[in-house]
Amino acid sequence: MRVNSKAILTNPIHCLAFGFGSGLAPKAPGTFGTLMAVPLYLVLMQLPLLGYVLLLLVSFIVGVYLCGKTADDLGVHDHPGIVWDEFVGFWITMLLAPAGWLWLLIGFVLFRLFDIWKPWPINVLDKNMETGLGIMLDDVLAGVYAFICLQGLVYLQATFNV
């Protein structure tokens, strides 16, 4: 479904839900949304752990409202351009990640894979929860799955010094 990009960008709620316009990409808006989350992550990673976790929690709560309101206003549940959920899911993936471009790339790829693949119960939530909470939860779970895999890789690397 096409949207009026000027209307999206001039409405602060829609602009945030559309990831500052990254969700307006004609192809792969979720990937572009996640790409837009990367520079913000590079700033957020400077926070102490408690600050990062609190910001994640606030971003999730605000995201439930942003995504739900935008979906209602557009009349489309989980419009592909709504990518705030990708921001939060990616930031969850990167929680406690070691610094470095390799870990950033691995986290990005893992999150995108789980977000696209939608293994159980992500696929169930994606199909059955038609609210802002539903929009957010499938990406939060994708972020949790990617976080677990990333931390497993960090552990293996530290243990076997590869």
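Quick rundown of the values:
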| read-out | value |
| --- | --- |
| Selection count, the stretch 128-162, where residues are under 16 Å from Leu66 (Cα atoms) and either β-branched (Val, Ile, Thr) or more than 11 Å from the chain's Cα centre (by Cα) (or both) | 8 |
| Matching residues in the stretch 17-67 - criterion: being among the aromatic types (Phe, Trp, Tyr) and more than 22 Å from Leu110 (Cα to Cα) | Phe20, Tyr65 |
| Unmet requirement for Val140, which otherwise passes all of (1) closer than 20 Å to Ala17 by Cβ; (2) of a type outside the set (S, T, N, Q); (3) at pLDDT below 95 | (3) |
| Long-range neighbours under 8 Å by Cβ, at least six apart or interchain, first residue of a type in the set (Gly, Ala, Ser) within the stretch 28-50, second assigned to a helix (DSSP H, G or I) and open to solvent by 20 Å² or more (accessible area, probe 1.4 Å) | Gly30/Arg112; Gly30/Ile116; Gly33/Trp84 |
| Residue within the stretch 13-33 that is open to solvent by less than 40 Å² (accessible area, probe 1.4 Å), over 23 Å from Gly152 (Cβ atoms) and assigned to a loop (DSSP other than H, G, I, E, B) present | yes |
| Given (1) open to solvent by 40 Å² or more (accessible area, probe 1.4 Å); (2) under 17 Å from Gly23 (Cα atoms); (3) among the acidic types (Asp, Glu), index of the condition Asp115 fails | (1) |
| Condition check for Ala146: open to solvent by less than 10 Å² (accessible area, probe 1.4 Å), out of contact with any strand residue (DSSP E or B) (no Cβ under 9 Å at 6 or more places or on another chain), within 20 Å of Leu40 (Cα to Cα) and modelled with pLDDT of 95 or more | yes |
| Residues that are among the aliphatic types (A, V, I, L, M), part of a helix (DSSP H, G or I) and either in contact (Cβ under 8 Å) with a residue 60 or more places away in the chain or surrounded by 14 or more Cβ atoms within 10 Å (Cβ to Cβ) (or both), drawn from the stretch 73-108 | Leu74, Val88, Ile92, Leu104, Ile106 |
| Residue check, Leu40 more than 21 Å from Leu137 (Cα to Cα), open to solvent by 50 Å² or more (accessible area, probe 1.4 Å) and of a type in the set (A, V, I, L, M) | no |
| Some residue of the stretch 123-136 being over 30 Å from Asn4 (Cα atoms) and open to solvent by 20 Å² or more (accessible area, probe 1.4 Å) | yes |
| Only listed residue being within 20 Å of Gly30 (Cα to Cα) and not small (Gly, Ala, Ser), chosen from Leu102, Leu66, Leu49 | Leu66 |
| Tally, over the stretch 115-141, of residues that are touching a His at 6+ places or on another chain (Cβ under 8 Å) and among the charged types (D, E, K, R) | 1 |
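The values are calculated or read from the model by the stated rules, or taken from the named source; none is laboratory data. Only a predicted model underlies this, so the values are computations on that prediction, with no experimental measurement involved. All Cβ positions, even for glycine, are placed from backbone atoms using ideal geometry, and neighbour counts span all protein chains on display. For the accessible areas, the whole protein counts, side chains as well, though only heavy atoms, and no ligand, DNA or RNA atoms are used. Shrake-Rupley method; radii C 1.70, N 1.55, O 1.52, S 1.80 Å.
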